[in-house]
Amino acid sequence: MQVRPASPSGPPAGPYYAEGCDKLWRYVSPPGGNTEGTDVKAIITKQATFDLSCSAEQLKFSTLNADTFGAEGCGKKASYILDCPVGGCKAVQNTQAQ
């Protein structure tokens, strides 16, 4: 399991990513609050299957930088930014599917 801050220069109490065993989770541990986790790979995969017209089994997932992820499959690829306002996270396509 590998754990890293979402932003290398971010505050110590900010979001963190935990990656291993073909999983990627984003955790936020607010001071004095409960730690909350989000299944990043599931969010990106769900959006990418629609955008790329490709089944989840055919997608290859990659981390591009702090909150940017790539999905590739069925001869297409796209990048996504993970947007996590209060209330949950969503994948926002950062490029047109190519």
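Only the coordinates and a few stated rules stand behind these numbers; no lab work does. This structure is a prediction, so every number in the text was calculated from the model and none was measured. Reconstructed Cβ throughout: ideal geometry from the backbone, glycine too, with neighbour counts over all protein chains shown.
Summary table
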quantity: Cβ-based net charge around residue 92, under 12 Å, with every Lys or Arg adding one and every Asp or Glu removing one; calculated: -2
quantity: For the stretch 21-33, Karplus couplings with θ = phi - 60° (6.51, -1.76, 1.60), whole Hz, Gly/Pro x; calculated: 6, 6, 10, 9, 10, 10, 10, 10, 10, x, x, x, x
quantity: For the stretch 66-74, Karplus couplings with θ = phi - 60° (6.51, -1.76, 1.60), whole Hz, Gly/Pro x; calculated: 2, 10, 10, 10, x, 9, 9, x, 6
quantity: Label-to-label distance, nm, for residues given as residue 19 and residue 56 (7 Å Cα→Cβ offset); calculated: 2.0 nm
